[in-house]
Amino acid sequence: MFGIGREEREKEWAAFEAEALPLMPDVFRVAKWLVRDVSEAEDLTQETFAQALKSFHRYTPDTNCRAWLVTILYHLNSKRRYKLGQLKLVEDVEEQIAQTVAFEPPIPQHLTDEEILQALERIPKQFREVVVLTDVEEFSYKEVAELLQTPIGTVMSRLHRGRRLLRQQLTEYARKFGIAAEG
Amino acid sequence: MRCQEFKELFDSYLGDELLVETNHEVLRHLENCTACRNELAARRELRTRVRVAVKNAPEVQINPAFAMRLQANLRETALRPTFLEKIKSNNLFGNPAMLGAAMCVFLIMLGGFFWLRNSSVPKDVVQSNQPDNIVFPVKSPTETNLMQAVHIAWQEMTRHAVGDHENCALEHNLTEEPITLSEAAEKYGKYNKNLDKAVIAPLREVFSDKDFGKIDLLGAHSCAFDGRRFAHVVLQYRNRRISVLVTDTDLPIENENQVLAQTSETMRVASFRTAHHAVFVVSDLSETENMTIAKAISPAVSRHIEKIEKTGA
């Protein structure tokens, strides 16, 4: 963006405005799920777009701009967490959790959006993150693996377990409030 | 393929991550296995429900005022001339006094740059008077026929609003001459009177911030497009025209007190409802800018119309 003439700057801005800016609500949504706090999510969104603007010459037009922006967002978030000393090795509880979810519960019907969100909130972060990135944001396994800097096999197992935990949470919720389940 | 084998592939199949050959095997299995078909349908339904719930959740919607401010900051950063360009255009090297002044400016800018880097954008400035969330509705899979009929009628009304904006505010291409709002107040409803004032007053507050730029009232009248009559207020912002269009309707209200972003092939549309009227904001601004305008006028315009709806005065 810097060190180029006005005409090129205007051209680059027009491309950025057309490709990147419409994705701001999506980037904010991912940021909000990632950091939970609105103000922090706004800061992260702002940093992401400032960085994207600076690096826009590296982006190949008409490729997956959303994935590119979310990659920047994850990278910046890691840096922030590192600075704040929050970057800790996450204890691998996957196997432990997998053992506690040994069955495929039926999916209850007639649940509201709010109940689904509550169930999603209750599953551990590393599973929820993968469910949100794949099922909501529709990133591919490969993209999620790159974002989380984790092997693709781990993404697949976390997704599988995340979905199963979500079903379990929904079934428990339904049982508690007497909502009928099919299956 | 057996059911157990397929169960191991459920997730990858749903995510469209299987190889073509494996996909064919899965499809062959599904043709003959009702249990797996049902399980797959249930999983697909859950995935859709989660997507809809998350995307509609108010707490994950970006604040339009924040988005607009960020967009303005980015635009300014992107189009700002470089230091070398400024020197070149002012021929500063030819004049020692100017060179000294330029160095001072540079040092101040450098200081400012580091200061800005260490502080976040003052979001509180743009967040004042703004509602916290914006909802982009995702179509529910259980939409009934009645809701579909309402949806179609609403789409038709939106098409009329966009048509009126294009043919009245942009092209002046209407078959019937517009009439004044006072005249329309006598013929088509008292809410027409002073509608322009209800629209512009809240906008003057929001758009007084120098980063947002100024918004102007170009005119107001009552006009008809394709048989539908609108009270029409025309605004101008960043050299673009914006239409605020109010029309009568008795369609049921699906999302009370909400400003909704709608899809249109050519324009940005945001809308909100009162008991018997629909209000559309149509422009070719960005979705965020269009939505910010709609959210800013929504309380005052709703109050203006509802006062007439309740009292008839």
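Answer with yes or no whether B:PRO64 is surrounded by 13 or more Cβ atoms within 10 Å (Cβ to Cβ), more than 7 Å from every other protein chain (Cβ to nearest Cβ) and under 19 Å from the mean Cα position of the chain (by Cα). Considered against the rule, which asks whether it is surrounded by 13 or more Cβ atoms within 10 Å (Cβ to Cβ), more than 7 Å from every other protein chain (Cβ to nearest Cβ) and under 19 Å from the mean Cα position of the chain (by Cα), B:PRO64 comes out as yes. Could you go through the stretch A:145-154 and let me know if any residue there is surrounded by 23 or more Cβ atoms within 10 Å (Cβ to Cβ) and either closer than 12 Å to B:GLY15 by Cβ or at the interface with another protein chain (Cβ under 10 Å from one of its Cβ atoms) (or both). No, the stretch A:145-154 has no match at all. In this structure, B:SER208 qualifies as open to solvent by 10 Å² or more (accessible area, probe 1.4 Å), of a type in the set (Ser, Thr, Tyr) and either at pLDDT 90 or above or more than 18 Å from the chain's Cα centre (by Cα) (or both). Can you confirm whether B:GLU254 is at pLDDT below 90 and either among the hydrophobic types (A, V, I, L, M, F, W, C) or closer than 21 Å to B:GLU309 by Cα (or both)? Judged against the criteria, B:GLU254 is a match.
If you check B:GLU186, B:GLU166 for being within 19 Å of B:GLU289 (Cα to Cα), part of a helix (DSSP H, G or I) and either modelled with pLDDT of 85 or more or among the hydrophobic types (A, V, I, L, M, F, W, C) (or both), only one passes: B:GLU166.
Checking each residue in the stretch B:268-294 for being open to solvent by 20 Å² or more (accessible area, probe 1.4 Å) and in a helix (DSSP H, G or I) picks out B:GLU287, B:THR288. Screening A:ARG9 on (1) at pLDDT 90 or above; (2) at the interface with another protein chain (Cβ under 7 Å from one of its Cβ atoms) shows it passes everything except condition (1).
Determine, yes or no, whether A:LEU23 is modelled with pLDDT of 80 or more, surrounded by 14 or more Cβ atoms within 10 Å (Cβ to Cβ) and either away from chain B (no Cβ under 12 Å) or more than 18 Å from the chain's Cα centre (by Cα) (or both). Here the answer is no, as A:LEU23 does not meet what is asked. State all residues of the stretch B:9-36 that are within 13 Å of another protein chain (Cβ to nearest Cβ) and surrounded by 11 or more Cβ atoms within 10 Å (Cβ to Cβ); if no residue qualifies, say none. Of everything in the stretch B:9-36, those that are within 13 Å of another protein chain (Cβ to nearest Cβ) and surrounded by 11 or more Cβ atoms within 10 Å (Cβ to Cβ) turn out to be B:LEU9, B:PHE10, B:ASP11, B:SER12, B:TYR13, B:LEU14, B:GLY15, B:GLU17, B:LEU18, B:CYS36.
The values are calculated or read from the model by the stated rules, or taken from the named source; none is laboratory data. In this text, all values refer to a predicted model and were calculated from it rather than measured experimentally. Glycine gets a Cβ as well: all are built from the backbone with ideal geometry, and neighbour counts include every protein chain shown. For the accessible areas, the whole protein counts, side chains as well, though only heavy atoms, and no ligand, DNA or RNA atoms are used. Shrake-Rupley method; radii C 1.70, N 1.55, O 1.52, S 1.80 Å.
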